[in-house]
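Nothing in this text is a laboratory measurement; each read-out follows from the coordinates by a stated rule. For clarity, every value in this text was computed on a predicted model and none was experimentally measured. Heads up, the Cβs are rebuilt from the backbone with ideal geometry, glycines too, and the neighbour counts pull from every protein chain shown.
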Amino acid sequence: MREALDEWAFVTAAYVVGVGGTALMIAWSWLAMRRAEKRRERSREL
Amino acid sequence: MHGFANPARFLRIAGWLTPLCLLGGVGIAAAALAWGLFAAPPDRLMGDTVRILFIHVPAAWLGMAGWMTIAIAGLAELVWRHPLAGIAARAAAVPGAVFTALCLVTGSLWGRPAWGTWWVWDGRLTSMLILLFLYFGYIALADATRRDGDGGGSGRVAAIFGLVGAINIPIINRSVVWWNSLHQPASITLGKSTIDMAFLWPLLAATIGFSLIFGGVVLMRMRAILADIQAEARLRRKAMVDA
């Protein structure tokens, strides 16, 4: 017997996890790069 | 290859290549996902869950490509002492781990309606989970040993770990052939595809888009590591002058 599952609920969850995870990774890497480049600029001024 | 070994030259190239990869990747991936979600038809057997593959397959490809980047960069670090190789390997580890985790989660979300279960301990799923643990080990090892090399690379021990761990990649690839599995065999091989064009084109576009995002993230993380090395070197020089 086949379960009556709402396929779109699984599709939506996969897209939220996939797109959200990728967006968080981009934001985290961008912030880490900006912070490191600012630290380098500050070390030049010392 | 050593033409790109100069960090200043690399930073000049990365300065324009990073936004190009990121913006191009986000644009192509967004268009491909919208195409897969709203324009591609439901599959005859899988129904609407086929749309999960437009995220799951690129994530699986990039999880494995991330480790191959670590292994090739590790080889370049050990054999040619390429100064940016260890930094590239370290930079590829986190995005590789993220895409491996996304592959496992989206695969599980596809497995529940398609197979009736979230998880099975078969060859493909288990070897992919081992890849995620290898990433965790590599990230910890590279962080702990980075100072035994040039101060910014992953270090020789981590490079060797990256090369040895590459044995898992052909195991993942061949697992559906070697062992009984709920996971279907490869639908796309070199020069051959069993996927209908209605699904193949958005899948290829999504793979290109996410690959560009992966490249952009690796470049950003390389720039961050290089900036940290340069700041640390300046502070150390200043401390020596002051002393």
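In the stretch B:185-192, the count of residues that are assigned to a loop (DSSP other than H, G, I, E, B), touching a helix residue (DSSP H, G or I) at 6+ places or on another chain (Cβ under 6 Å) and more than 14 Å from chain A (Cβ to nearest Cβ) is one or more.
Consider residue B:119 carefully, then state whether it is under 23 Å from residue A:14 (Cβ atoms) and in a loop (DSSP other than H, G, I, E, B).
Criteria met by residue B:119.
Tell me yes or no: at least one residue of the stretch A:3-10 is closer than 14 Å to residue B:228 by Cα, facing chain B (nearest Cβ under 7 Å) and charged (D, E, K, R). Scanning the stretch A:3-10 turns up no residue that is closer than 14 Å to residue B:228 by Cα, facing chain B (nearest Cβ under 7 Å) and charged (D, E, K, R). For residue B:122, the requirement of being within 14 Å of chain A (Cβ to nearest Cβ) and surrounded by fewer than 18 Cβ atoms within 10 Å (Cβ to Cβ) is not met.
Selection over the stretch B:4-15 of residues that are more than 19 Å from the chain's Cα centre (by Cα), within 13 Å of another protein chain (Cβ to nearest Cβ) and under 19 Å from residue B:85 (Cβ atoms) gives a count of 3.
The set of residues in the stretch B:193-203 being assigned to a loop (DSSP other than H, G, I, E, B), surrounded by 13 or more Cβ atoms within 10 Å (Cβ to Cβ) and not hydrophobic (A, V, I, L, M, F, W, C) consists of B:196 alone. Checked against the criterion of being touching a residue at least 60 places away in the same chain (Cβ under 8 Å), among the charged types (D, E, K, R) and on the phi < 0 side of the Ramachandran plot, the candidates B:48, B:43 yield just one match: B:43. Determine, yes or no, whether residue B:112 is among the basic types (Lys, Arg), at negative phi and within 14 Å of chain A (Cβ to nearest Cβ). Judged against the criteria, residue B:112 is a match. Residue B:237 satisfies every condition listed in (1) part of a loop (DSSP other than H, G, I, E, B); (2) free of Cβ contacts under 8 Å to residues at least 60 places away in the same chain except (1). On the stretch given as the stretch B:16-51, residues that are facing chain A (nearest Cβ under 10 Å) and part of a helix (DSSP H, G or I) total 13.
Within the stretch B:204-218, take every residue that is among the aliphatic types (A, V, I, L, M) and either closer than 15 Å to residue A:21 by Cα or more than 12 Å from chain A (Cβ to nearest Cβ) (or both) and give me the one that is surrounded by the most Cβ atoms within 10 Å (Cβ to Cβ).
B:217
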